[in-house]
Amino acid sequence: MSSSYVRRRLIQLVPSFFLVIVLTFVIINLAPGDPSAALAGEFASPEYVVEIRKLYGFDRPVHERLLIYIGNMLTGNLGRSYFYGVPATQVVIERIPATLLLVFPSIVLSIVIGLPLGIFAARKRPSRTTAAIVFQAYILFSIPIFVFGLLLMIIFAVYLAILPSGGMISQFYATGLERAADVLRHLVLPMLTLALIWGVPQFVRLTYSAIVEVSKEEFITTARAIGLDEGAVFRRHAFRNAMLPVATIAGIWISSAITGAVFTETVFSWPGIGSLLFDSILLRDYTVIMFIFILTAISVIIVSLITDIIYARLDPRIRLR
Amino acid sequence: MKKCAVVLLLLVPLILSCIPIPRLYGLEGITCAKYGGTLVEAEGLFIKSLNPVAVYDVTAANHVMNIYNNLVDLDRTWKPIPVLASSWEISSDGLIYTFHLQQNVKWHDGQPFTAADVKFTFDAIMNNETNGYNRDLLKPFFDRVEVVDDYTVKLILKEANAGFLALLADPYSRSFVILPRHIYEGTDIKTNPANDRPIGTGPFKFVEWVKGSHISLVANKEYFLGRPCADNYVMLQTTSASATSTAFETGEVVYGMASYLPLSPLDVVKYSQDPRFTVDPLPTMRLMHVAFNMRIKPFNNLLVRQAMAYALDLDKLTQMAHPPLKQGEHHIYFTGHWATNPATLQPTYDPKKAEQLLDEAGYPRGANGIRFKTKLNYDIGHSTAVLAAEVLKDMWSKVGIDLELQPLEWAVYVSSIIEGVKKNPNAFQLAIQGGAQGPDPSVWQVYFGTDQYRNIYGFSNSRVDELFNEARLTGDIEQRKTYYYEIQELILNELPRINIYPDTDYGIASSDWRNFWFQIDNWPYQDESTAYWVKGSPATAQLTTTELTTTQPGVALISAETAIAAVLAAVIVLAGVGFYISRRRKARGK
């Protein structure tokens, strides 16, 4: 892989990035509804609504506002949150830690549960066990994430009363380890929801399909033919080769974890950027929405570049030019 | 008379911008039956800022009340009472207000409160360094502030204003709380970090604000009006209906206002029947009604509008859409209000009469039993309106009207209906709307004045316009009554809308806590400083408080910088592992 490839990919980031900006801006600004009314709130006076409209330029056409936004962005100004009045970047960055706290353990849990299950299903095929695992993965994947979240909440927070129903803390005045323990207690249900519905089924299906595909390759037959036992065939050949596509797809999917987080955070009142995105859409806080989408776009673009590079490093058949 | 008119005129923007539950505090000092406990309030509204002088935020007004103080407040008869100002004199020409300030009041960081803080706050407002809303209110008549000594300050007006003290109280948006000069002087007030970590003189001290999660406060033991009853107060942000109701069930949340929460009326009924909770009705000034678009057929026909009113069993509708509220009579204005004409009752339930009127109007039943189809818009975020829409559909179907329901988000409702109908007469056919229409009836003009903002009906009556204007200019209640009585008769004659119920809020609280809210003139108020826990310590017992030693905000579990560093570290580690594996592979290849 040449450094010119990396350079070229980085340069390609720029038009991709701008395309995301333009599309996102146009879509959210074309959404119906008066942003001034949403920002001012239901109880505000009509005069205040008009003042908001003039202040934020909502009376200007969309293309004019887009040009102003891009112009500001080039000077590093991503705008102020219309609702909070502080920089949009500040509003979003404040909420990132909560989302990372939710998403990363969910990803780890998804891998820890999903990968072995997928491997087990692939190795045991064809059998009822395999069918049960794969079927269960599809069922879980089909359940709407907020329905599952509510179910867990009813079981564990209401009937069993062993876990909190939502939010991030309830020991509001605790500090140190006590505070950390309180946060972790609150993390259990949203993390389980995100992992079991969004993460585990993906990993089970990915791993299972990848191993099944690789097992059909000729080099696997060759490995058996030269006398390697099944365990060694699997460990040295099938598994390693199967992990390449799994790693690639998982990388891209991880970078768009915000999608699953939006529903989970909203159901559990978890104060991350997922619930911020949901609230900002209701409030028509365009600058905050834009910055969240920018962050998501950047993370997807960069992670896909990294996974391509790693993939090329790991697979000698691939030459990145 | 003129002064009263000016007061009324000044109060109109305040009233129009009001939230249902403004706070009063410092009424007669705080007395507590018991002390202790953590008061956790659930709230589903979004808060912009904890500095109402810097950022206009009606929603935050209640929380601001716990941290800051005004110079004066209003008592239960709307009379100004002392808070930070212990007394005052007004010059004979009404231009100079000399305030004598409470002595030995300290800011939450221990600095003394003095007249310099008052001067700083009002200078900042007049220099447009703050939210602009408060400056616009003062600009017409306010001149300057003069400090006489540390505890005496003069607020000097350009012209007399009988409503000035009421304005200083401003219970709706708290835009005139006093700011600490030593924190804000020399900084940009609108972006000062103290707006997120406020230092006030109020009954509670700020601990932390985790955006999207909660605001936590701790009792100010040195509060000059007496320490609050609870040890701690937390506002817990919640936007999930399920999480909210579960939190009430498990006792994580002590109280909340139903209209601020994503709860349905059926939840309110459930809690009202559960001995673990008390549910107090708190009437608002929002009169929910079905609006006709009188510009278009068939609603340009009075007979149709009357028929549709006769087709509604409003008692049953209220019972189904807004339990546990029960209504008696149904007037054109709020039943029981001083300005309500008792003779102006809406048509009572009579479906036969409804059918007869619809036949007369030229809308007989078709072969399929339907007279005409129409569409009803409403705010999907308003839980009682959502239920009311279903009931309306059912009731009108019985007289042959086929109703299509089309809920809209509030922002869309405003743009497509309230403002949309000004550009497009066909913007809607029927709509459910509410909005504040009191406590003073002068605000009602926004709904019935020709071309006024909330007059989406297309109603126009020059005599009604005249009567509203005359009523605003006089302070004589009896005279005003005659004007409003006549307005209601004229409205009843044309029936541009059907009132369905007065939107009533419900305060839901754990039975273990008392003394949250009270009412003045049908207007509800809540007071966190006087709410007490029945399991707390008696007033005479030794008091202990859970108090942090610092008023710095609580440190987040993980700071943003740490989190970003952790992510970058993870990426580097992964890249390193990948690189290592590839090098090993190459080495083996050799």
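Taken over region B:279-331, the criterion of being of a type in the set (Val, Ile, Thr) and not in a strand (DSSP E or B) is satisfied by B:296, B:304, B:318.
Counting only residues that are assigned to a helix (DSSP H, G or I) and among the basic types (Lys, Arg), which one in region B:392-431 is nearest to residue B:373 (Cα to Cα)?
Start the filter on region B:392-431 by keeping residues that are assigned to a helix (DSSP H, G or I), which leaves B:392-397, B:410-418, B:420-423.
Restricting the remaining residues to those that are among the basic types (Lys, Arg) gives B:393, B:422-423.
Details: B:393: 11, B:422: 23, B:423: 24 Å.
Of everything passing the filter in region B:392-431, B:393 is nearest to residue B:373 (Cα to Cα).
Within region B:506-526, residues that are farther than 19 Å from residue B:270 by Cβ and of a type in the set (Ser, Thr, Tyr) sit with their Cβ atoms under 9 Å from residues that are open to solvent by 50 Å² or more (accessible area, probe 1.4 Å) and at pLDDT below 65, at 6+ positions apart or across chains, in these pairs: B:525/B:76; B:525/B:519. Just name the residue that is most open to solvent (accessible area, probe 1.4 Å) out of those in region B:405-424 that are polar (S, T, N, Q) and either more than 18 Å from residue B:451 (Cβ to Cβ) or at the interface with chain A (Cβ under 8 Å from one of its Cβ atoms) (or both). Applying the filter and picking the extreme gives B:406. Given the condition among the aliphatic types (A, V, I, L, M), over 15 Å from the mean Cα position of the chain (by Cα) and modelled with pLDDT under 90, answer yes or no: does some residue in region A:253-262 qualify? Checked against the condition, which is being among the aliphatic types (A, V, I, L, M), over 15 Å from the mean Cα position of the chain (by Cα) and modelled with pLDDT under 90, region A:253-262 yields no hits at all.
Contact map, region A:98-111: first residue under 14 Å from residue A:274 (Cα atoms), second residue open to solvent by 10 Å² or more (accessible area, probe 1.4 Å) and not in a helix (DSSP H, G or I), Cβ cut-off under 7 Å, separation 6 or more or different chains; pairs are A:98/A:168; A:101/B:558. Within region B:100-153, the set of residues being hydroxyl-bearing (Ser, Thr, Tyr) and touching an Asp or Glu at 6+ places or on another chain (Cβ under 9 Å) comprises B:114, B:133.
Based on this model, can you work out whether residue A:68 counts as more than 14 Å from every other protein chain (Cβ to nearest Cβ), open to solvent by 30 Å² or more (accessible area, probe 1.4 Å) and of a type outside the set (Gly, Ala, Ser)? Show your work before the answer.
Details: more than 14 Å from every other protein chain (Cβ to nearest Cβ): yes; open to solvent by 30 Å² or more (accessible area, probe 1.4 Å): yes; of a type outside the set (Gly, Ala, Ser): yes.
When the stated conditions are applied, residue A:68 passes them.
Looking across region B:38-62, the residues that are more than 10 Å from chain A (Cβ to nearest Cβ) and part of a strand (DSSP E or B) come down to B:39, B:41, B:43. From the list A:199, A:166, the lone residue that is surrounded by 12 or more Cβ atoms within 10 Å (Cβ to Cβ), under 30 Å from residue A:276 (Cβ atoms), within 11 Å of chain B (Cβ to nearest Cβ) and in contact (Cβ under 8 Å) with a residue 12 or more places away in the chain is A:166. Just one of the listed residues (A:108, A:92) is modelled with pLDDT of 90 or more and assigned to a helix (DSSP H, G or I), namely A:92. Within the option set B:376, B:387, B:392, being modelled with pLDDT under 95 and away from every other protein chain (no Cβ under 14 Å) holds for one residue only, B:387.
Quick grid of which residues meet (1) buried (at least 24 other Cβ atoms within 10 Å of the Cβ); (2) within 10 Å of another protein chain (Cβ to nearest Cβ); (3) over 30 Å from residue A:80 (Cβ atoms):
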residue: B:185; (1), (2), (3): no, no, no
residue: B:190; (1), (2), (3): no, yes, no
residue: B:211; (1), (2), (3): no, yes, no
residue: B:236; (1), (2), (3): yes, yes, no
residue: B:272; (1), (2), (3): no, no, yes
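Screening residue A:58 with (1) surrounded by 12 or more Cβ atoms within 10 Å (Cβ to Cβ); (2) under 29 Å from the mean Cα position of the chain (by Cα); (3) more than 13 Å from residue A:290 (Cα to Cα) gives one miss only, at (2). For residue B:496, are the conditions met, namely being open to solvent by 30 Å² or more (accessible area, probe 1.4 Å) and at negative phi? No; evaluated as a whole, the condition is false for this residue.
What do you reckon, is residue B:264 more than 14 Å from chain A (Cβ to nearest Cβ), in contact with a strand residue (DSSP E or B) (Cβ under 7 Å, 6 or more places away or on another chain), surrounded by fewer than 23 Cβ atoms within 10 Å (Cβ to Cβ) and among the small types (Gly, Ala, Ser)?
On the way: more than 14 Å from chain A (Cβ to nearest Cβ): yes; in contact with a strand residue (DSSP E or B) (Cβ under 7 Å, 6 or more places away or on another chain): no; surrounded by fewer than 23 Cβ atoms within 10 Å (Cβ to Cβ): yes; among the small types (Gly, Ala, Ser): yes.
Judged against the criteria, residue B:264 is not a match.
Give the residue that is modelled with the lowest pLDDT, with candidates limited to residues of region A:1-34 that are small (Gly, Ala, Ser) and under 23 Å from residue B:410 (Cβ atoms). Here the residue is A:33. Residues in region B:336-344 include at least one that is within 30 Å of residue B:472 (Cβ to Cβ) and aliphatic (A, V, I, L, M).
I'd like to check something: does region A:79-86 contain any residue that is on the phi < 0 side of the Ramachandran plot, in contact with a Pro (Cβ under 8 Å, 6 or more places away or on another chain) and without any contact (Cβ under 8 Å) to a residue 12 or more places away in the chain?
For region A:79-86, residues on the phi < 0 side of the Ramachandran plot, in contact with a Pro (Cβ under 8 Å, 6 or more places away or on another chain) and without any contact (Cβ under 8 Å) to a residue 12 or more places away in the chain: absent.
Screening the candidates B:308, B:294, B:257, B:285 for the property of being touching a Cys at 6+ places or on another chain (Cβ under 9 Å), touching a residue at least 60 places away in the same chain (Cβ under 8 Å) and open to solvent by less than 50 Å² (accessible area, probe 1.4 Å) yields one hit, B:285.
Restricting to region B:419-449, name every residue that is of a type in the set (A, V, I, L, M, F, W, C) and modelled with pLDDT of 90 or more.
Within region B:419-449, B:421, B:427, B:428, B:430, B:431, B:432, B:448 qualify.
Selection within region B:373-392: residues that are open to solvent by less than 20 Å² (accessible area, probe 1.4 Å) and more than 14 Å from residue B:433 (Cα to Cα). The member of this set that is farthest from the chain's Cα centre (by Cα) is B:374.
If we scan region B:450-461, do we find a residue that is modelled with pLDDT under 90, open to solvent by 20 Å² or more (accessible area, probe 1.4 Å) and more than 14 Å from every other protein chain (Cβ to nearest Cβ)?
Quick first cut of region B:450-461, residues modelled with pLDDT under 90 only: B:451-454.
Next, only the ones that are open to solvent by 20 Å² or more (accessible area, probe 1.4 Å) stay: B:451-454.
If we keep only those that are more than 14 Å from every other protein chain (Cβ to nearest Cβ) as well, we get none.
No; the residues of region B:450-461 include none that is modelled with pLDDT under 90, open to solvent by 20 Å² or more (accessible area, probe 1.4 Å) and more than 14 Å from every other protein chain (Cβ to nearest Cβ).
The set of residues in region A:211-241 that are under 29 Å from the mean Cα position of the chain (by Cα) and touching a residue at least 40 places away in the same chain (Cβ under 8 Å) comprises A:211, A:212, A:239.
Would it be correct to say that residue A:226 is closer than 24 Å to residue B:570 by Cβ and either of a type outside the set (Gly, Ala, Ser) or modelled with pLDDT of 75 or more (or both)?
Numbers: closer than 24 Å to residue B:570 by Cβ: no; either of a type outside the set (Gly, Ala, Ser) or modelled with pLDDT of 75 or more (or both): yes.
No.
Look at (1) under 26 Å from residue B:62 (Cβ atoms); (2) touching a helix residue (DSSP H, G or I) at 6+ places or on another chain (Cβ under 8 Å); (3) crowded, with 20+ Cβ neighbours inside 10 Å and you find that residue B:504 fails only one, number (2).
Would a scan of region A:21-36 turn up a residue that is at the interface with another protein chain (Cβ under 10 Å from one of its Cβ atoms), under 23 Å from residue A:276 (Cα atoms) and in contact with a Leu (Cβ under 7 Å, 6 or more places away or on another chain)? Steps first, answer last, please.
Initial filter on region A:21-36 (at the interface with another protein chain (Cβ under 10 Å from one of its Cβ atoms)): A:31-36.
The next check asks that each one be under 23 Å from residue A:276 (Cα atoms); those that pass are A:31-36.
Restricting the remaining residues to those that are in contact with a Leu (Cβ under 7 Å, 6 or more places away or on another chain) gives none.
No: region A:21-36 contains no residue that is at the interface with another protein chain (Cβ under 10 Å from one of its Cβ atoms), under 23 Å from residue A:276 (Cα atoms) and in contact with a Leu (Cβ under 7 Å, 6 or more places away or on another chain).
The values are calculated or read from the model by the stated rules, or taken from the named source; none is laboratory data. Note that the structure is predicted; figures quoted are calculated from it, not measured. Every residue, glycine among them, receives a Cβ derived from its backbone with ideal geometry; neighbour counts consider all protein chains shown. We work out accessible area using only protein heavy atoms, side chains counted, and drop any ligands, DNA or RNA first. Shrake-Rupley method; radii C 1.70, N 1.55, O 1.52, S 1.80 Å.
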